[in-house]
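The values are calculated or read from the model by the stated rules, or taken from the named source; none is laboratory data. Not measured: the values here are computed from a predicted model. Glycine also receives a Cβ, built like all others from the backbone with ideal geometry; neighbour counts cover every protein chain displayed.
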Amino acid sequence: MPQELQLQVLPEVAATADLLTQYVANHVKCSTQDIKHITILKRSIDARQRSVKINLKVDVFYADEDVVHRKIDFPEYKNVKDAPRVIVVGAGPAGYFAALQLIELGVKPIVVERGKDVRGRRRDLKAINRDHIVHPDSNYCFGEGGAGTYSDGKLYTRSKKRGDVNRILELLVAFGATQDILVEAHPHIGTNKLPKIMQDMREKIIEFGGEVLFETRVVDFVIKGNEIHGVVVNEGDVIEAKKVILATGHSARDIYELLDRKQVLIEAKPFALGVRAEHPQALIDKIQYSCDYRGEFLPPAPYSIVKQVNGRGMYSFCMCPGGVIAPCATAPGEVVTNGWSPSKRDQPTANSGIVVELRLEDFKPFEKHGALAGMEFQKAIEQRAFLLAGETQRVPAQRMVDFSQSKVSTSIPKTSYVPGTTSTELGEVFPGFLTQIMREGFQEFGKSMKGYFTNEAILHAPESRTSSPVRIPREDYTLVHPQIKGLYPCGEGAGYAGGIVSAAIDGEKCAIMCVESMQ
Ligand code: FAD
């Protein structure tokens, strides 16, 4: 049996095998020759002290022991070519994990996705960045892998209650992610690696008899009585099935409108909205690691901050160290920001959504839209930002201190947001109460993170797709819509997930309940 140890070491020790072996040998008082192998089980950064340390949990194998390497394999998938079928709408993490779970349980998934496969999608992302053209079915939110494909690929979820996070991480490893994601306290994959993982998932679904249909947008549901019988796609083709997992993500406004029109129960849901702030990464490193230079052994520093301002939570969201701000609109006539980073997080800037929690009463000016009031509130801000910045994919931007002092910035430096920025008083983008909270909030942030409140930071507006503005209700245990038999609202778009891992967990859960109801 290996010996399990908890250690706290300097970053260079954690990153260098020889130094770590020497450290462990000193720690257990043996010679380095006595140590055959060290497996790192868990790794986290402790930046609370002046000198940053790395916490490690390790297994030490001594000379007379066999080294056991962790082997991660696929679950046992069944051939489902001729099995009963379930339609999965959406090829995001919720949809793909649902499809794989169905296959594991012997049921055939037919995945219906409005966007293109990862390769085809890339061309449309170029068109947004370079030509300011937003394809309404193929963009940073729509297409194979969903909103998570061209993201930072952070794999942690705030809520541990949601389910088996490790199972999702292990599946991602089986599909090609590095085993590091099982070790790091805050694992992430990176935009350069996610597309291949999504493609391999699709290939596995097809290999075992499932189907994945791209450029196939659901435009209607076939509902007879109170039961679903299938979906209508594109120009009117019908795909039949008595079970539909609806995992269309938080940006599928047409799906919310369709459900509303058909009087299928949906509810307005609070979400959060604000800006995306970009700082030089070196400045964030300096603040977080209390040092002038991060050095070669520490990763670009992340940050996470929350403050109560005027009774509301204002917090960092989807922070991307060494990342890039992405144009995430899903329709022409609007602008939306979010962030991604490559696996090495080696870009010179750090960006994060900085958002304020909204309440249902904030949507009052849009109350005539009923359950869609929050969505209309969100849309209005995105469209106003589009108009203010010049009716392209440029976004309104302002320096942080200037924003707090209601001063239009005289110059905005080039930022990582490729389509570009237009210097704008951001107070014009948001309702007054939101502007006020953010103006005060940034100053509060600066008190906790010395150096954060600076004109070197550029705010881009808006960060508006933080979570779904609508909930599609479902019964607690069966996960079926309370009115429509066979319809399983799933993932972030239905209001049951907030991120890649929780969406994947929810996909699996819906698949399990769906199969249970078929027995
Ligand atoms: P989605 O991923 O949104 O997938 C829904 C799918 O349904 C889409 O592919 C869409 O095209 C399809 N669809 C929609 N309507 C229809 C229709 N009518 N017919 C057919 N198909 C349809 N989360 C993290 O955990 N970590 C991160 O680092 C992270 N970074 C992000 C960066 C960016 C740029 C973005 C945009 C998001 C990021 N997120 C991140 C959020 C994360 O991507 C989502 O939480 C997650 O993808 C939600 O999964 P989902 O399957 O529920 O929905």
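Observations, loosely collected:
- Scanning the stretch 446-486 for residues that are of a type outside the set (S, T, N, Q) and buried (at least 24 other Cβ atoms within 10 Å of the Cβ) yields ALA457, ILE458, LEU459, HIS460, ALA461, PRO462, GLU463, ARG465, PRO469, VAL470, ILE472, HIS481.
- Boolean, LYS243 is in contact with a Cys (Cβ under 9 Å, 6 or more places away or on another chain) and either more than 14 Å from the ligand (Cβ to nearest atom) or within 18 Å of ASP73 (Cβ to Cβ) (or both): yes
- Within the span defined as the stretch 111-122, every residue fails to be within 30 Å of CYS514 (Cα to Cα), more than 14 Å from the ligand (Cβ to nearest atom), at pLDDT 95 or above and surrounded by 20 or more Cβ atoms within 10 Å (Cβ to Cβ).
- Complete set of residues in the stretch 186-195 that are touching a residue at least 40 places away in the same chain (Cβ under 8 Å) and not in a strand (DSSP E or B): HIS186, ILE189, GLY190, THR191, ASN192, LYS193, LEU194, PRO195
- Considering the stretch 408-519, the qualifying strands (runs of 3 or more DSSP E), each wholly inside and each with 2 or more residues that are within 16 Å of the ligand (Cβ to nearest atom), run over 458-463, 487-489.
- For the stretch 339-396, taking the residues that are in a loop (DSSP other than H, G, I, E, B) and among the hydroxyl-bearing types (Ser, Thr, Tyr), the one that is surrounded by the most Cβ atoms within 10 Å (Cβ to Cβ) is identified as SER341.
- Within the stretch 143-162, the presence of at least one residue that is part of a helix (DSSP H, G or I), under 25 Å from GLY106 (Cα atoms) and basic (Lys, Arg) is confirmed.
- Candidate set from the stretch 265-294 (those that are touching a helix residue (DSSP H, G or I) at 6+ places or on another chain (Cβ under 7 Å) and modelled with pLDDT under 95); member that is surrounded by the fewest Cβ atoms within 10 Å (Cβ to Cβ): ASP292
- Among the residues of the stretch 193-224, those identified as within 12 Å of GLY486 (Cα to Cα) and of a type outside the set (Lys, Arg) are PHE221, VAL222, ILE223.
- In the set (1) within 16 Å of the ligand (Cβ to nearest atom); (2) within 23 Å of LEU155 (Cα to Cα), PRO75 fails one condition alone, (1).
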